[in-house]
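Single-structure report; data block below.
All of the numbers you see were taken from the coordinates with simple rules; none came from a lab. It should be emphasised that the depicted structure is a prediction, and the values quoted were computed from it without experimental measurement. Neighbour counts are summed over all protein chains in view; Cβ atoms, including those assigned to glycine, are modelled from backbone coordinates with ideal geometry.
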Amino acid sequence: MAQRPYIVGNWKMHGTRAMVAEARAIDRAAERLIKVEVALAPPATLIQAIRKEASLIGVGAQDCHTAEGGAHTGDISAAMVKDAGAGFVIVGHSERRANHGETDADVRAKAQAALAVSINVIVCVGETEGQRDAGQAEAVVASQLDASLPRGEHVLERVTVAYEPVWAIGTGRTPTTEDVAAMHRAIRAKLLEIYGEGAEAVRILYGGSVKADNAAALLAADEVGGALVGGASLTAESFVGIVVAAAERLEHHH
Ligand code: PEP
């Protein structure tokens, strides 16, 4: 991990105001682990409360609309999540691709919308189990990257990629360290092809059943710059264990 490791919690559709205390506890722990960049993406309803309570961690949204505003009942724009206190937005999570039929073009438009209001963006990609079994994992991810990644000015300062094999999300199953490394190397090559040399600095997170006890091995894989964590990010106890693993990984490297 050349850059500061980045550990991001995705709370999905979990959390009411009672969970703000958990975010505060994560923030306190992060103060002792400043070599790791820590962030949470709570439901949009909690962005403002958590931004107010947390001093150190990043706070972001799990999605945004492609448009600046308008007749889109129930949707939230990038400007709105920024206004609520979000410094980044996750786009293209496989649950949104699957449950809301989001295409690569939609994902890119959302990423562009985030960049247009000067917030960071985490673009998620990943193959299904069938695609991996058919030997298509790298090709699928390459084509998602080609079509989902935003372009234009300041992209490299603002974009993070999250590789999340769909079959590893919420299942307790993870790819081998070798498979993670191979995919992350392929993603790095693709980023260099798309963006040129500056893409060396783009962090590539691994996501899918990361827990405190497997984090060290996954974070040790080539080109893994951090983790996107779902289930294990819901309590300070489980999430901080992953942040500690990232900090220890750094110690071993320096
Ligand atoms: C996710 O939702 O991005 C994720 C990786 O979930 P989990 O850690 O629960 O597999």
In debye, nearest 20, what is the charge dipole magnitude of the stretch 6-253 about its Cα centre with +1 on Lys and Arg Cβ and -1 on Asp and Glu Cβ, if you could check?
-> 620 debye
For the stretch 6-253, averaging the sequence separation of alpha carbon pairs under 8 Å that lie six or more residues apart and dividing by its residue count, the contact order in percent is 20 percent
Return P(r) of the stretch 167-254 (all Cα-Cα pairs; 5 Å bins starting at 0; whole %; ordered from short to long distances).
-> 3, 15, 23, 23, 18, 11, 5, 1
Hey, what's the per residue convex hull volume over the C-alpha atoms of the stretch 107-163, in cubic angstrom?
-> 66 Å³
Coordinate range along principal axes, alpha carbons of the stretch 16-88, Å, largest first = 44, 26, 15
antiparallel share of DSSP beta bridges within the stretch 6-253, to nearest 5, in %, is 0 percent
May I ask you to list the trypsin sites (Lys or Arg not before Pro) in the stretch 122-174 that are in a DSSP loop and have at most 16 other Cβ atoms within 10 Å of their Cβ?
-> Arg151, Arg173
Once you have a ≥ b ≥ c as the square roots of the Cα gyration tensor eigenvalues for the stretch 6-253, tell me rounded if a/c is under 1.5, and otherwise prolate or oblate according to whether a/b is larger than b/c.
-> rounded
Shape of the stretch 1-142, Cα gyration tensor, a/c cut at 1.5 | oblate
Loop-resident sites, the stretch 154-254, for GluC sites (Glu not before Pro), counting at most 12 other Cβ within 10 Å (DSSP) = none
